[in-house]
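Report on the structure given below.
The values are calculated or read from the model by the stated rules, or taken from the named source; none is laboratory data. Predicted model only: the values in this text are computed from it and were never measured. FYI the Cβ positions are ideal-geometry reconstructions off the backbone, even for glycines, and counts take in every protein chain you see. The protein model used for the area step is the full one, side chains on, heavy atoms only, and it has no ligands, DNA or RNA in it. Shrake-Rupley method; radii C 1.70, N 1.55, O 1.52, S 1.80 Å.
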Amino acid sequence: MYLLPTITTIDVQEQAPSAAILPVGSYEQHGGHLPLVTDTAIACVITRELSAAYPVLALPPITIACSHEHGTWPGTVSISARTLHAVITDIAASLEASGIQKLVLVNAHGGNYVLQNIVQEASVAGPRMGLFPQSREWKRAREHAGLVSSSYDDMHAGEIETSILLHSEPSLVGPGYEDADHDGGERAFLLTKGMKAYTKTGVIGFPSYATADKGKAVLASLVEDFAEHLEALDA
């Protein structure tokens, strides 16, 4: 299955979308059973599902973002929040030049905090940009899918991420997830001390609970909830 959009300029011309969706991921460690590209793959999967259900333009992903809390793990690569802000602002301006005034950021990495500020700034004069999924959508998706863990306990490389990939891109899930559970406990100083203060394996969560059926249900819930975001943008 394709994670990148393969449409042509003629397809876009005929569709005449009023909004675009931009997957934003990361390139960071996800323990031993998920690849560095996990967050980007999940953002692309969500974007693929949304573009199949709604008349929006799916863009290729931003693959490296703000993963500084994972920065000492081999393979992790980050850019600054300033750079991410500039890239997304430039993308939005380019879309506007081609007639697409609305943009939704489909974020799959919790450390991309700056995305909230970007959306706020872009929408000062009116609804121009949105951020999806937000915490309420993730919460509803967990409930809809019957996940065992909570969003706090299942922070990284756990039940929800492994489930989504088991359903949508199972070739990306490596062996050992059934035995990779780790409870990171309270993480009051995560931003100061980084992930290594709370996990030796890179996992904070419960991948042993993951199933493909849960991943399918999570995505179905997210697709349904996306309609409210388009309404908020008048798109």
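Report whether or not Thr83 is more than 22 Å from Phe226 (Cβ to Cβ), in a loop (DSSP other than H, G, I, E, B), open to solvent by 20 Å² or more (accessible area, probe 1.4 Å) and polar (S, T, N, Q).
Taking the combined requirement at face value, the residue does not satisfy it.
Of all residue pairs spaced 6 or more apart or on separate chains, those with beta-carbon atoms under 8 Å, a first member in the range 211-235 that is polar (S, T, N, Q) and modelled with pLDDT of 95 or more and a second member that is open to solvent by 50 Å² or more (accessible area, probe 1.4 Å) and in a helix (DSSP H, G or I) are Ser221/Arg140; Ser221/His144. In the range 122-142, the condition of being among the aromatic types (Phe, Trp, Tyr), surrounded by 16 or more Cβ atoms within 10 Å (Cβ to Cβ), over 19 Å from the mean Cα position of the chain (by Cα) and under 26 Å from Tyr198 (Cα atoms) is met by no residue.
Across the range 172-180, not a single residue is classified as closer than 30 Å to Gly126 by Cα and in contact with a His (Cβ under 6 Å, 6 or more places away or on another chain). Being among the acidic types (Asp, Glu), surrounded by fewer than 20 Cβ atoms within 10 Å (Cβ to Cβ) and outside any helix (DSSP H, G or I): is that true of Asp213 here? Against the criterion (among the acidic types (Asp, Glu), surrounded by fewer than 20 Cβ atoms within 10 Å (Cβ to Cβ) and outside any helix (DSSP H, G or I)), Asp213 does not qualify. Here Leu50 passes the criteria (1) in contact with a strand residue (DSSP E or B) (Cβ under 7 Å, 6 or more places away or on another chain); (2) assigned to a loop (DSSP other than H, G, I, E, B) except the one numbered (2). In the set Ala188, Ala227, only one residue is open to solvent by 70 Å² or more (accessible area, probe 1.4 Å) and closer than 27 Å to Gln120 by Cβ; that residue is Ala188. Restricting the first member to the range 171-200 and to residues that are touching a residue at least 12 places away in the same chain (Cβ under 8 Å) and aromatic (Phe, Trp, Tyr), and the second to residues that are surrounded by 13 or more Cβ atoms within 10 Å (Cβ to Cβ) and not in a loop (DSSP other than H, G, I, E, B), the beta-carbon pairs closer than 6 Å and six or more apart or on different chains are Tyr177/Thr162; Tyr177/Pro207.
The residues of the range 23-40 that are more than 14 Å from Ala180 (Cβ to Cβ), among the aliphatic types (A, V, I, L, M) and crowded, with 24+ Cβ neighbours inside 10 Å amount to a single one, Val24. For the range 32-48, the set of residues classified as more than 12 Å from the chain's Cα centre (by Cα) and of a type in the set (Gly, Ala, Ser) consists of Gly32 only.
Would you say Ala141 is of a type in the set (A, V, I, L, M) and not in a helix (DSSP H, G or I)? In short, no. Scanning the range 59-76 for residues that are in a loop (DSSP other than H, G, I, E, B) and farther than 14 Å from Thr40 by Cβ turns up Gly71, Thr72, Trp73, Pro74.
Cβ separations smaller than 8 Å between residues 6+ apart or across chains give the following pairs from the range 141-162 residues that are on the phi > 0 side of the Ramachandran plot to residues that are not small (Gly, Ala, Ser): Gly146/Lys214; Ala157/His30; Ala157/His33; Ala157/Leu34; Ala157/Thr38; Ala157/Val203; Ala157/Ile204; Ala157/Pro207.
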